[in-house]
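Comments concern the structure below.
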Amino acid sequence: MDYIFVSHMESDEYGGIRIFLERYPDAKVICSRLASRELPGLGVECDCVAADGDTVIEEGDISLKTITYPCEVHLQDGIIAYEQNSGILYSSDLMQSPGDGRDTVEECGYLPRAESISPVRIPNEKGLEDTKRKLASISPRFVAVGHGLCFVNADIM
């Protein structure tokens, strides 16, 4: 089974979904419960896996755990995804960094990066602290960011 991950409902996160669904028509879209209701309203016909913070998708060698967080200024529920077997965290917009991410990967500490998430990303004190607590409970090997440079967790190298 092929999956497409949509972290939250902003055009730069879901805008190309039709192209992916044309190429992979049987793919399931992993998204938040909110996105699973929004996508059909945008004319996107797909098989959605509506995820929340308790969702684990297991198939073959994949064990994908979703983590909810209040997305940016509008504080709507979004999700990040942690593939537990490979140690890859798909961090959405939470750990953005400047720079062109093509052909470049940083090495840095994951926990300091997670702790540095600012109120600009989550402008709600409780939501920010809850998200940081959830992120501290995992130890990814690699973080695939939504924008900028991806990074290898130097803490576990």
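The set of residues in segment 5-35 that are open to solvent by less than 20 Å² (accessible area, probe 1.4 Å) and within 21 Å of Val56 (Cα to Cα) comprises Val6, Ser7, His8, Ala27, Val29, Ile30, Cys31, Ser32, Ala35.
Of the residues making up segment 1-58, those that are in contact with a Lys or Arg (Cβ under 7 Å, 6 or more places away or on another chain), over 25 Å from Gln96 (Cα atoms) and either in a loop (DSSP other than H, G, I, E, B) or at pLDDT below 90 (or both) are Met1, Val44. The residues in segment 90-99 that are open to solvent by 30 Å² or more (accessible area, probe 1.4 Å), without any contact (Cβ under 8 Å) to a residue 60 or more places away in the chain and on the phi < 0 side of the Ramachandran plot can be counted, and the count is 2. If the condition is being surrounded by fewer than 18 Cβ atoms within 10 Å (Cβ to Cβ) and assigned to a strand (DSSP E or B), then segment 59-76 contributes Glu59, Ile62, Ser63, Gln76. Checking every residue in segment 36-52 against the condition of being closer than 26 Å to Ile138 by Cα, in contact with a strand residue (DSSP E or B) (Cβ under 8 Å, 6 or more places away or on another chain), in contact (Cβ under 8 Å) with a residue 40 or more places away in the chain and of a type outside the set (A, V, I, L, M) gives zero matches. Among the residues making up segment 77-89, a single one is at pLDDT below 95 and surrounded by fewer than 21 Cβ atoms within 10 Å (Cβ to Cβ): Asp77.
The values are calculated or read from the model by the stated rules, or taken from the named source; none is laboratory data. Predicted, not measured: the structure shown is a model, and the values here were computed from it. Reconstructed Cβ throughout: ideal geometry from the backbone, glycine too, with neighbour counts over all protein chains shown. For the accessible areas, the whole protein counts, side chains as well, though only heavy atoms, and no ligand, DNA or RNA atoms are used. Shrake-Rupley method; radii C 1.70, N 1.55, O 1.52, S 1.80 Å.
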